[in-house]
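Notes follow the structure.
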Amino acid sequence: MPIAVIHALDHEGQGVSRTDEGKTLFIEGALPGETVEYELTREKPRFAKGFATRVIRRSGLRVEPRCTFFGHCGGCSMQHLDSNAQAAIKQRVLEDALWHQARVKPGVIYPAILGPAWAYRYRARLSVRWVERLGGVLVGFHERRSSYIADMTSCEVLPKRISALLPALRTLINRSSVAERMPQIELAIGDGVTILVFRILAPLSSEDEQRFRDFSDAHDIQIWLQPSGPDSAYRLYPEDAPALTYTAPEFDLRYDFRPNDFTQVNFHINRLLLRRAMQLLDPRPGERIADLFCGLGNFSLPIARRGAHVIGIEGSEALVERAAANAQANGLQESSEFYAANLFEATEDSLDVLGPLDKMLIDPPREGAVAVVKALGAQSPRRIVYVSCNPATLARDTGVLVHEKGYALEGAGIANMFPQTSHVESIALFERD
């Protein structure tokens, strides 16, 4: 069995080493400073991949994974690493991406935004698959390095009562007439409300519906069904039930959302991220601030609450309607406006239509906001706060902002939105004279 000495972690949480031939070697389950035996799973001319089969020399940062299914389930990749060390490594991933891709270093490294390391995941998509040889369905996340579903009966990153429900969910689906026609379950938790959205490819029988109602009553969970696209989701039971909401107490805000809407999975970190974003953006009365990729108003409403006028832009018409409704419900309709537009096709003319802007907040999906930053022209704001879920696209867009648009990267730091995983959420501040 080959042996490797690990000198770093990559952006996916894999140990990094080199083969005797000089290839870069990525090894799952290995940590910096360790010597491990490994098995190759993939070999290319310039790199190779494998997984650790035995740790010969152990890192002091290695901990015992809490989850029984870690290493088999692909939902987490870093449970073997101390939680504080996870944040430090994610910060290094962010800095490395900014330097290697954009040749830019932040003026300040912000303290990491940290929260609970376990039971934090209030949004999740669980896969469901009928497995004939097991005589029933599996419910959970995909196996690591596989399209199969992990045979799991608990999950440490889900809230405890949801984790404990996994076996009961399997039983419920196994007893239904559509056990082979149900590919996924969407979990959405709000303040005092838990919803499970079952994606169904065939109608439920009347007996199925009664079982689902009984399950709802027994576990205090709303049952929704989704027969086709996300907009088709509807509540099955209870018929009269409260809506999903989350709050931002620091800003005296409440947000309504539907179970298929995009919201952050970690409400605790989201509140801290809102605080950091408002500290950096510093909205003031009389200012006009754009919130691009605004979703249902997560950042827009705190901006308006601070007295600025916010213009929210989002690609989804449904989310634009939700943002406007949330502004109305929080008494902020006079200081906010929301529009639907495809920001991936932004041009200087399309941004100029917004009028003069003092500041801007950008919170794009993983693809980043390269069209937006390239479209910044004469009316571009003096300050931009960029919230990112992908260091690579943040680094790419940073290169445009700094080297083409005249901004300075004043600071950047991570928010550990997904503990136990390699996912890196970050926030950065750009300013120009």
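The values are calculated or read from the model by the stated rules, or taken from the named source; none is laboratory data. Not measured: the values here are computed from a predicted model. Positions of Cβ are backbone-derived with ideal geometry, glycine not excepted, and every protein chain shown enters the neighbour counts.
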Would it be correct to say that Leu319 is touching a helix residue (DSSP H, G or I) at 6+ places or on another chain (Cβ under 6 Å), surrounded by fewer than 24 Cβ atoms within 10 Å (Cβ to Cβ), closer than 28 Å to Leu244 by Cβ and at pLDDT 95 or above?
no
For the structure I just gave you, tell me whether Ala150 is more than 22 Å from Asn266 (Cα to Cα) and surrounded by 19 or more Cβ atoms within 10 Å (Cβ to Cβ).
yes
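Listed here are the residues, each with its yes/no results for (1) surrounded by fewer than 17 Cβ atoms within 10 Å (Cβ to Cβ); (2) among the β-branched types (Val, Ile, Thr); (3) touching a Cys at 6+ places or on another chain (Cβ under 9 Å).
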{"position": "Arg103", "(1), (2), (3)": "yes, no, no"}
{"position": "Val108", "(1), (2), (3)": "yes, yes, no"}
{"position": "Tyr122", "(1), (2), (3)": "no, no, no"}
{"position": "Glu143", "(1), (2), (3)": "no, no, yes"}
Residues that are free of Cβ contacts under 8 Å to residues at least 60 places away in the same chain, within 13 Å of Ala428 (Cα to Cα) and aliphatic (A, V, I, L, M), drawn from segment 354-412
Ile384, Leu401
If I filter segment 66-100 down to residues being polar (S, T, N, Q) and part of a loop (DSSP other than H, G, I, E, B), which single residue comes out as nearest to Glu425 (Cα to Cα)?
Ser77
Restricting segment 324-340 to residues that are in contact with a Gly (Cβ under 7 Å, 6 or more places away or on another chain), of a type in the set (Gly, Ala, Ser) and not in a helix (DSSP H, G or I), the one nearest to Asp256 (Cα to Cα) turns out to be Ser336
Look through Ala318, Ala290, Ala304 and report the one residue that is in contact (Cβ under 8 Å) with a residue 24 or more places away in the chain, assigned to a helix (DSSP H, G or I) and out of contact with any Ser or Thr (no Cβ under 9 Å at 6 or more places or on another chain).
Ala318
May I ask you to say which residue of Leu409, Leu394, Leu429 is of a type in the set (A, V, I, L, M, F, W, C) and surrounded by fewer than 24 Cβ atoms within 10 Å (Cβ to Cβ)?
Leu409
Could you identify the single residue in Ser206, Ser177 that is touching an Asp or Glu at 6+ places or on another chain (Cβ under 6 Å) and more than 25 Å from Asp261 (Cα to Cα)?
Ser177
Would a scan of segment 327-339 turn up a residue that is in contact with a Lys or Arg (Cβ under 8 Å, 6 or more places away or on another chain), among the polar types (S, T, N, Q), over 23 Å from Leu376 (Cα atoms) and modelled with pLDDT of 95 or more?
yes
